[in-house]
1. Can you list residues whose amide H is under 5 Å from Asp11's amide H, if they're 5+ apart or on another chain and H is modeled 1.01 Å from N?
2. Can you sort Asp222, Asp116, Asp64 from fewest to most other Cβ atoms within 10 Å of each residue's own Cβ?
3. Can you tell me how much longer the chain between Thr197 and Asn156 gets when fully stretched, taken as 0.36 nm per residue apart minus their C-alpha distance, in nm with one decimal?
4. Where does each of Ile46, Ile18, Ile188 land when they are ranked from fewest to most other beta-carbon atoms within 10 angstrom?
5. Give me the one-decimal nm value for the distance between modelled label points at Gln148 and Asp251, 7 Å along each residue's Cα-to-Cβ direction.
6. Over 27 Å between Cα atoms: which of Lys114/Lys226; Lys225/Lys276; Lys195/Lys226; Lys2/Lys225; Lys7/Lys114 fall into that group?
7. Taking amide H positions as placed in the peptide plane 1.01 Å from N, state which residues far from Tyr250 in sequence (5 or more) or on other chains have amide H under 5 Å from it.
8. Using Cβ contacts closer than 10 Å as the measure, can you line up Leu3, Leu75 from fewest to most?
Amino acid sequence: MKLLFNKEVDDSSELLAISGLNDASISISHLWPYIRTATRELVNIIGKDNYEKAVDFYDADAFDEEFLELVRYPLVLDAFRKYAPLTDIKFTDNGRQFRADDHHKAPWEWQVDKSDAQMEKAYYAAVDELISFITESEDYDSSEYMLQFTGLYVPNLRVFQEFVHINNSHLLYYKLAPSMRYFEETVIINRVGDKFTEYKTQNNSRIKKLIQNACVHYAMADGIKKLSNQLFPEGLMKSERTGKKAANGYDVESTVLYYDRILDSVLLSLEQEIRKTKTVYVPRKIINFEDNDGFVSM
């Protein structure tokens, strides 16, 4: 796979021009393994065909092409956020030592944590902007990764945000979609039975909306436990304000509990609605008439 950077230039001035983060003196060869890994991960999201279009722009020296800029920026961010932690410590004959000199003061641990969190969040935002560009443009096609969830009860970001707004993040929707699929295949199908497909095709039914609502809140609770906190908008997370965790931490337990409580309420409403659709059979009392029962016989 061809990468969108020139390895023949020893310094990293090309990366500096894109991100503004690094010293140009850093050898690009030190970053190359991380650029390669970042590229593979990004291609899995946007698709090989779209990436090849970026390669064509790069080969044509069309560096001002917006799509090429949108592809290269997250690659640089991802490479640096994975490379930087390894450079904080140097390996010497006396063991590992923190890097410092007369001109640079070593940061506090909380400052490093905050920087790491902000760089990670910036990377996710850059990928999300790229996905939005692809989905809104007629010149690029949505990848298999981006289309794999169209058969769910919550088939896209628009429907998801009817219940929980996630700052229009396509990337977060894609990260949460596997949780929604699992929830459909386990919890929902056990509640609706053979009407699973029928409810999915009903556009404005109360039951379908409740199923969608439940899927979204399950995905939020599950995703917060499994995914990086930096994927989520700050307004959706409860922050921790004490000690070291105040730098970039969140109260995961309380946040999960919040979404779980809403999920329980929605599932209860869903069960009540499903119960209304079931026909209740009331047996009629059979009355037999006999000649001596006091009724007139004919």
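1. Distant-sequence amide H within range of Asp11: Ile28.
2. Numbers: Asp222 20, Asp116 16, Asp64 8.
If I rank by nearby Cβ atoms, fewest first, I get Asp64, Asp116, Asp222.
3. On the way: separation 41, 0.36 × 41 = 14.76 nm, distance 1.76 nm.
Full extension of this stretch gives 13.0 nm more.
4. Working: Ile46 26, Ile18 19, Ile188 22.
Final ranking by Cβ density, sparse to dense: Ile18, Ile188, Ile46.
5. 3.5 nm
6. Details: Lys114/Lys226 20 Å; Lys225/Lys276 35 Å; Lys195/Lys226 31 Å; Lys2/Lys225 36 Å; Lys7/Lys114 31 Å.
In this structure, Lys225/Lys276; Lys195/Lys226; Lys2/Lys225; Lys7/Lys114 exceed 27 Å between Cα atoms.
7. For Tyr250, the qualifying residues are Glu240.
8. Values: Leu3 15, Leu75 27.
Ordered by Cβ neighbours within 10 Å, fewest first: Leu3, Leu75.
Values in this text are rule-based calculations from the coordinates and carry no lab data. Quick caveat: nothing in here was measured; it's all calculated off a predicted structure. Virtual Cβ from ideal backbone geometry, glycine too; neighbours counted across all protein chains shown.
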